[in-house]
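Colleague: For reference, the structure I am asking about is given below.
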Amino acid sequence: MASPAQQLPPGWAAQWDPNNQRYLFIETASGHSQWEVPGAPQGGQPVPDQPPASPAPGGPHNPRRRQYAAGQTQAYYGGETAVDPTYGTSTLVPPPTTGAPAPGPVAGGPQFFTPGLDNQQYGGAPVPAPGTGISGGGGAPGVPSYYGPGADQQQQVHQHDYINGPAYGQPQPPQPSFTPGGGSVDALTGQFGALGLAGQKAFQLYTTNLLTSPPEPRELLRPPPEIRLPPNSCVSPAATANADPSYQRSTLNAIPTTSSLLSKSKVPLALVITPYRSVKEGEEQVPLVTDTVIARCRRCRAYINPYVQFIDGGNRWRCCICNMSNEVPQLFDWDQARNQPGDRWARAELNHSVVEFVAPSEYMVRPPQPAAYVFLIDVSHTAVQSGMVATATRTLLENLERIPDEEDRTKVSIICYDTSLYFFSIAPGATDSTMLVVSDIEDVFLPKPSDLLVNLAEARSSLEGLLGRVHDMFQENSIIGNALGPALQAAFKLLSPIGGKIVALSSSLPTLGAGALKNREDPKILGTAKESGLLQAASPFYKTFAIDCSRAQISVDMFLFSAAYQDVASLACLPHYTSGQTYYYPAFNAARSEDAQKFAREFGEVLAMPIMLEAVMRVRASRGLRMSSFHGNFFVRSTDLLAMPAVPQDQSYAIEVQIEETITSPFVVFQTAVLHTTCYSERRIRVITLALPTTTNLSEVFASADQIALATLFANKAVERSLTHKLEDARDFTFQKLVELLVAYKNSMTSGGAGASAQLAISENMKMLPVLVLGLLKNVGIRQSAQIPPDIRAYSQALLTSLPSQLLIPYIYPTFYALHSMPAEAGTVGEHGVIMPPPLPSTSERLERHGLFLIEDGQTLFLWVGRDAVPQLVLDVFNLPSYEVLRGGKTTLPVLDNPFSQRVYAVIEKVREMRRGVYYPHLYVVKEDGEPPLRLWALSALIQDRADVLPSYQQFLQSLKEKVNGVGGY
């Protein structure tokens with residue numbers, strides 16, 4: 001068979017994608033890329049899924065139906081299915097790797113673009129007839145598959161015998177795999193438009209029918225729609241000139257020029273910002289400008305960036321936000337390090353969208369303060385007995401050297417509390433500490449004016465001795481009571497002169513002094529309209545105290561451990577308004593090594609995290625755009641100034657944008673500036689610049705929508721509405737927003753117009769949005785249920801409003817892997833680290849009774865073991881003789897001396913570390929016929945299934961269709 005490059009129409013090129021093991025086709029004029037052969041006839045040859053040396057065989061198949069994964073319900077697509085006699089049930093052909101579909105009308109349906117008319121366009125292999133016993137031979141020697149013939153879920157029909165598990169050691173057919181973080185050809189081709197090298201390209205809109213397009217999880221790993229700026233909009237050809245979506249992304253990558261056009265699309269305009277995202281090994285550090293030459297606009301105070309225009313022979317620059325003409329600073333073209341003329345075009349701020357400036361003295365109200373930490377440790381009977389005190393003090397002791405302290409200026413204090421406060425005084429040069437007890441918690445005072453907040457480097461030995469003794473001091477403590485409020489007041493008194501971070505650890509409901517709370521958990525009101533009251537703060541103390549902390553530049557992190565009701569909703573107010581974070585460990589018991597390990601890992605990462613102190617953030621935008629509302633953990637100090645006493649890494653914020661007047665410029669700029677003090681006592685300004693083209697075309701608005709950013713915004717809006725209104729209102733509001741978007745798309749982008757339609761149309765780039773919205777509606781923070789404890793719901797809401805998109809998306813749409821049948825290379829180390837198996841659609845129809853599956857949402861891992869798992873699989877993974885002796889529940893997976901165990905362990909550890917953030921999820925072994933609560937919890941993560949009163953994905957689409965057609969509702 002000829003190479004695909006030899007069969008292409010003029011203007012197209014074929015490029016081999018090693019991650020997906022197939023050709024990607026690129027239109028050289030526009031940069032548009034797609035997986036299917038451009039212009040291929042319906043009876044054409046399939047694209048090979050191997051390089052030209054070994055093309056895939058051709059064969060007959062149904063040319064009028066798209067081919068999907070085995071086990072999907074017939075309801076997804078209607079029509080006939082291939083019947084596999086070994087199942088006794090319908091079996092469907094597996095999904096292709098999706099890309100941008102080729103346009104083409106569906107015969108007999110409305111005349112709009114619907115992808116997937118021809119399976120061969122997707123490079124899908126021919127479907128063997130049932131019972132042919134075709135088997136690939138791709139398994140590595142000595143690697144067991146635990147899987148019968150027909151394992152290749154992408155290339156042939158499943159042929160399993162549920163009753164008798166397949167024989168161990170059979171060869172494993174090849175299966176596509178992918179590597180998270182691997183290079184995307186789309187990302188490379190998309191850069192040319194941003195550089196303005198070949199004229200501004202128009203967005204191409206592709207319509208898909210949701211009723212015939214099951215969710216493809218790998219779509220969520222694709223980059224957002226390409227940013228196509230007009231020519232010469234940027235002074236730099238660097239690919240880094242526009243913001244990476246992990247720092248700042250917009251719900252629309254083409255901005256409507258008028259508010260009426262935006263309103264017509266029903267797509268909300270918002271920014272999702274993670275200004276201080278962590279930088280992993282191998283990633284580029286944020287460039288630092290150290291010469292204190294900071295060029296800013298005289299009118300709007302925007303910072304110079306790659307999208308300004310130099311005029312007057314380069315002596316002046318025109319602001320890209322307000323068009324003001326400004327002088328170029330005299331030292332802008334001078335290399336101060338070498339004391340010679342410098343290259344203007346090499347300056348970081350003209351080549352990088354994310355840059356950090358060392359701020360001169362005029363950016364300081366006071367000299368940079370040292371980082372200061374006050375640790376509040378609950379030492380009541382409950383805390384000691386759970387092992388929290390011992391684990392916390394040991395972790396703190398082991399991580400003292402990881403606390404940021406490059407200049408030896410960091411200060412630390414430790415305060416213990418039960419019904420009294422226990423301070424520890426460390427005199428300069430002393431090797432020991434003195435405990436001072438304050439029993440008057442109604443009028444909190446500091447027992448000494450000094451020596452309570454001590455220099456970490458100078459008092460290191462004393463602190464180590466103290467941390468080693470704290471558990472022994474309170475080991476016999478029988479006091480039951482919690483004076484968290486007074487302890488917070490004491491920490492505030494210590495830190496208010498300089499600011500810093502309070503890290504509070506509490507094992508029970510605060511019952512004494514300021515901020516005392518009562519148990520308001522009432523099972524009778526769960527699932528009713530009154531439930532939202534349990535998600536609001538019960539005492540005004542936690543909001544007023546948080547605002548006082550914000551003014552004093554104090555941030556609060558809460559670590560909560562109670563086995564009983566703790567009122568997480570009230571306590572989470574402190575981190576919410578002070579830009580901190582809440583961490584919750586329900587029923588914590590350090591006697592379970594898994595509990596101790598999770599807390600120690602996460603607490604250690606929080607201690608080691610570099611933080612931005614005394615921060616304020618402002619987002620500027622081009623004329624005609626205004627920041628209208630803000631979501632996240634901060635306090636809005638003025639109309640658009642966000643106060644953040646300490647900005648942690650990997651915390652996300654969503655900001656809605658209004659179009660106030662008609663935009664006349666060809667592109668707009670959003671610039672986020674964060675003025676802060678590093679934890680190494682250096683005043684800096686982090687600037688993130690995002691440039692987006694404008695459009696008057698409604699189809700371009702839809703084609704540029706970013707479904708990940710939209711889902712992140714919807715999560716923030718849903719939580720906010722559940723607090724200001726009711727949980728039911730939050731669900732209805734989210735559902736209605738999706739309906740409005742679908743109605744707008746149907747009315748303006750399909751030939752059916754406003755009339756009823758048999759299809760449910762949406763643009764290809766938003767086809768995962770409905771399943772993400774369904775995942776949000778099924779998330780414990782929003783879900784309709786009378787069984788969710790208020791603490792669990794409140795903690796989930798805290799996550800929904802603070803997680804960056806990379807963590808939030810799996811949290812609302814969990815990832816699902818088949819481990820027993822993963823490709824031979826999955827679990828081994830490739831170019832980009834451990835190679836992951838391909839994710840499956842989140843439905844129990846993919847579960848098999850002899851299989852081993854991993855379900856994960858970034859917070860919890862479920863290892864699902866089918867009841868007919870062969871003994872060899874159980875032995876290889878768990879070192880147990882059979883399924884019957886395997887116990888379900890929280891566990892630590894052993895690493896055994898066999899390849900399959902090592903690959904499974906590698907996949908699990910990769911899941912735990914591949915995303916940004918401090919979270920170390922628990923692993924639960926779930927037996928198919930095991931304990932019902934654990935089993936139902938795991939199955940609830942498969943959000944495409946029906947659960948209780950919650951609809952399946954197919955039912956959800958039907959209700960959407962009825963609502964869009966004006967028939968019914970959710």
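The values are calculated or read from the model by the stated rules, or taken from the named source; none is laboratory data. Bear in mind the structure is a predicted one, so any value in this text is a computation, not a measurement. Positions of Cβ are generated from backbone atoms using ideal geometry, with glycine treated the same way; all protein chains shown enter the neighbour counts. Quick note on the areas: whole protein, heavy atoms, side chains included, nothing else; ligands and nucleic acids left out. Shrake-Rupley method; radii C 1.70, N 1.55, O 1.52, S 1.80 Å.
Colleague: Quick check on my filter: what residues within segment 940-964 are open to solvent by 40 Å² or more (accessible area, probe 1.4 Å) and either of a type outside the set (D, E, K, R) or assigned to a helix (DSSP H, G or I) (or both)?
Modeller: Once the filter is applied, which keeps residues that are open to solvent by 40 Å² or more (accessible area, probe 1.4 Å) and either of a type outside the set (D, E, K, R) or assigned to a helix (DSSP H, G or I) (or both), segment 940-964 yields V949, Q955, Q958, K961, E962, K963.
Colleague: Determine, yes or no, whether E442 is acidic (D, E) and in contact (Cβ under 8 Å) with a residue 12 or more places away in the chain.
Modeller: Criteria met by E442.
Conditions tested, residue by residue: (1) aliphatic (A, V, I, L, M); (2) in a helix (DSSP H, G or I); (3) under 17 Å from D791 (Cβ atoms); (4) open to solvent by less than 10 Å² (accessible area, probe 1.4 Å).
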{"residue": "S550", "(1), (2), (3), (4)": "no, yes, no, yes"}
{"residue": "S579", "(1), (2), (3), (4)": "no, no, no, yes"}
{"residue": "A590", "(1), (2), (3), (4)": "yes, no, no, no"}
{"residue": "E594", "(1), (2), (3), (4)": "no, yes, no, no"}
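Colleague: Can I ask one more? Being acidic (D, E) and in contact (Cβ under 8 Å) with a residue 40 or more places away in the chain is the requirement here; does E281 meet it?
Modeller: Against the criterion (acidic (D, E) and in contact (Cβ under 8 Å) with a residue 40 or more places away in the chain), E281 does not qualify.
Colleague: Here is a further query. Under 18 Å from E700 (Cα atoms) and either modelled with pLDDT under 90 or not in a helix (DSSP H, G or I) (or both): does that describe I782? Talk me through it step by step, then tell me what you get.
Modeller: On the way: under 18 Å from E700 (Cα atoms): no; either modelled with pLDDT under 90 or not in a helix (DSSP H, G or I) (or both): yes.
So I782 fails the test.
Colleague: Please determine whether any residue of segment 434-441 is out of contact with any Cys (no Cβ under 9 Å at 6 or more places or on another chain), within 20 Å of P497 (Cα to Cα) and open to solvent by less than 20 Å² (accessible area, probe 1.4 Å).
Modeller: No, every residue in segment 434-441 fails to be out of contact with any Cys (no Cβ under 9 Å at 6 or more places or on another chain), within 20 Å of P497 (Cα to Cα) and open to solvent by less than 20 Å² (accessible area, probe 1.4 Å).
Colleague: I'd like to check something: does segment 812-821 contain any residue that is more than 29 Å from S901 (Cβ to Cβ), of a type outside the set (D, E) and either modelled with pLDDT of 95 or more or open to solvent by less than 30 Å² (accessible area, probe 1.4 Å) (or both)?
Modeller: Yes.
Colleague: Also, quick follow-up: Which condition from (1) free of Cβ contacts under 8 Å to residues at least 40 places away in the same chain; (2) within 30 Å of D650 (Cα to Cα); (3) not in a loop (DSSP other than H, G, I, E, B) is the one that L893 breaks?
Modeller: Condition (3) is where L893 drops out.
Colleague: If you check A758, A794, which single one turns out to be over 28 Å from N253 (Cα atoms), open to solvent by 20 Å² or more (accessible area, probe 1.4 Å) and small (G, A, S)?
Modeller: Residue meeting the stated conditions: A758.
Colleague: What tally of residues in segment 898-923 results from selecting those that are crowded, with 19+ Cβ neighbours inside 10 Å and polar (S, T, N, Q)?
Modeller: Qualifying residue count, segment 898-923: 1.
Conditions (1) without any contact (Cβ under 8 Å) to a residue 24 or more places away in the chain; (2) assigned to a loop (DSSP other than H, G, I, E, B); (3) surrounded by 24 or more Cβ atoms within 10 Å (Cβ to Cβ), marked per residue:
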{"site": "V668", "(1), (2), (3)": "no, no, yes"}
{"site": "Y680", "(1), (2), (3)": "no, yes, no"}
{"site": "R684", "(1), (2), (3)": "no, no, no"}
{"site": "L692", "(1), (2), (3)": "no, no, no"}
{"site": "F733", "(1), (2), (3)": "yes, no, no"}
{"site": "K737", "(1), (2), (3)": "no, no, no"}
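Colleague: Would you be able to say whether some residue in segment 240-263 is farther than 30 Å from L738 by Cα and open to solvent by less than 40 Å² (accessible area, probe 1.4 Å)?
Modeller: Yes, some residue in segment 240-263 is farther than 30 Å from L738 by Cα and open to solvent by less than 40 Å² (accessible area, probe 1.4 Å).
Colleague: If I filter segment 694-707 down to residues being assigned to a loop (DSSP other than H, G, I, E, B) and among the polar types (S, T, N, Q), which single residue comes out as most open to solvent (accessible area, probe 1.4 Å)?
Modeller: In this case the residue turns out to be T696.
Colleague: Same structure, new question: Within the bounds of segment 392-402, is there any residue that is outside the structural domain of L512 (by TED's automatic domain parsing), among the acidic types (D, E) and either in a helix (DSSP H, G or I) or open to solvent by 20 Å² or more (accessible area, probe 1.4 Å) (or both)? Please lay out each step first, then the result.
Modeller: Residues of segment 392-402 outside the structural domain of L512 (by TED's automatic domain parsing): none.
No, that holds for no residue.
Colleague: May I ask you to list the residues in segment 319-333 that are in contact (Cβ under 8 Å) with a residue 24 or more places away in the chain and hydrophobic (A, V, I, L, M, F, W, C)? Even if it seems obvious, please write down each step before you answer.
Modeller: Here is the first cut: in segment 319-333, the residues in contact (Cβ under 8 Å) with a residue 24 or more places away in the chain are 320-324, 326, 328-329, 331-332.
Across segment 319-333, the qualifying residues are C320, I321, C322, M324, V328, L331, F332.
Colleague: Hey, another quick one. Every residue in segment 223-264 that is assigned to a loop (DSSP other than H, G, I, E, B), without any contact (Cβ under 8 Å) to a residue 60 or more places away in the chain and either acidic (D, E) or more than 24 Å from A654 (Cβ to Cβ) (or both), please.
Modeller: Answer for segment 223-264, where residues must be assigned to a loop (DSSP other than H, G, I, E, B), without any contact (Cβ under 8 Å) to a residue 60 or more places away in the chain and either acidic (D, E) or more than 24 Å from A654 (Cβ to Cβ) (or both): P231, N232, P237.
Colleague: Among the candidates V267, V279, V272, V286, which residue alone is touching a Ser or Thr at 6+ places or on another chain (Cβ under 7 Å), part of a loop (DSSP other than H, G, I, E, B) and closer than 30 Å to Q806 by Cβ? Talk me through it step by step, then tell me what you get.
Modeller: Values: V279 fails: touching a Ser or Thr at 6+ places or on another chain (Cβ under 7 Å); V272 fails: part of a loop (DSSP other than H, G, I, E, B); V286 fails: touching a Ser or Thr at 6+ places or on another chain (Cβ under 7 Å).
V267 is the lone residue from the list that is touching a Ser or Thr at 6+ places or on another chain (Cβ under 7 Å), part of a loop (DSSP other than H, G, I, E, B) and closer than 30 Å to Q806 by Cβ.
Colleague: On to the next question. Just to check your reading of the model, which residue among P645, P610 is touching a strand residue (DSSP E or B) at 6+ places or on another chain (Cβ under 8 Å) and open to solvent by less than 10 Å² (accessible area, probe 1.4 Å)?
Modeller: P645
Colleague: Can you confirm whether S478 is open to solvent by 10 Å² or more (accessible area, probe 1.4 Å), closer than 30 Å to H676 by Cβ and at pLDDT below 95?
Modeller: On the way: open to solvent by 10 Å² or more (accessible area, probe 1.4 Å): yes; closer than 30 Å to H676 by Cβ: no; at pLDDT below 95: yes.
In short, no.
Colleague: Out of the residues in segment 924-934 that are open to solvent by 60 Å² or more (accessible area, probe 1.4 Å) and in contact (Cβ under 8 Å) with a residue 12 or more places away in the chain, state the one that is nearest to F603 (Cα to Cα).
Modeller: Filtering segment 924-934 for residues open to solvent by 60 Å² or more (accessible area, probe 1.4 Å) gives 929, 931-933.
Retained after the next criterion (residues that are in contact (Cβ under 8 Å) with a residue 12 or more places away in the chain): 929, 931.
Values: D929: 35, E931: 31 Å.
Going through the qualifying residues, I end up with E931.
Colleague: Which of the numbered conditions does R867 fail, given that it passes all the others? Conditions: (1) in contact (Cβ under 8 Å) with a residue 24 or more places away in the chain; (2) under 19 Å from P823 (Cα atoms); (3) open to solvent by 10 Å² or more (accessible area, probe 1.4 Å).
Modeller: In the conditions (1) in contact (Cβ under 8 Å) with a residue 24 or more places away in the chain; (2) under 19 Å from P823 (Cα atoms); (3) open to solvent by 10 Å² or more (accessible area, probe 1.4 Å), R867 misses (2) alone.
Colleague: Touching a Gly at 6+ places or on another chain (Cβ under 9 Å), open to solvent by 10 Å² or more (accessible area, probe 1.4 Å), of a type in the set (A, V, I, L, M, F, W, C) and within 29 Å of R366 (Cα to Cα): does that describe F492?
Modeller: So F492 does not fit the description; no.
Colleague: Still on this structure, please answer the following. Among the residues of segment 648-665, which ones are surrounded by 20 or more Cβ atoms within 10 Å (Cβ to Cβ) and in a loop (DSSP other than H, G, I, E, B)?
Modeller: Answer for segment 648-665, where residues must be surrounded by 20 or more Cβ atoms within 10 Å (Cβ to Cβ) and in a loop (DSSP other than H, G, I, E, B): P648, Q649, D650, Q651, S652, I663.
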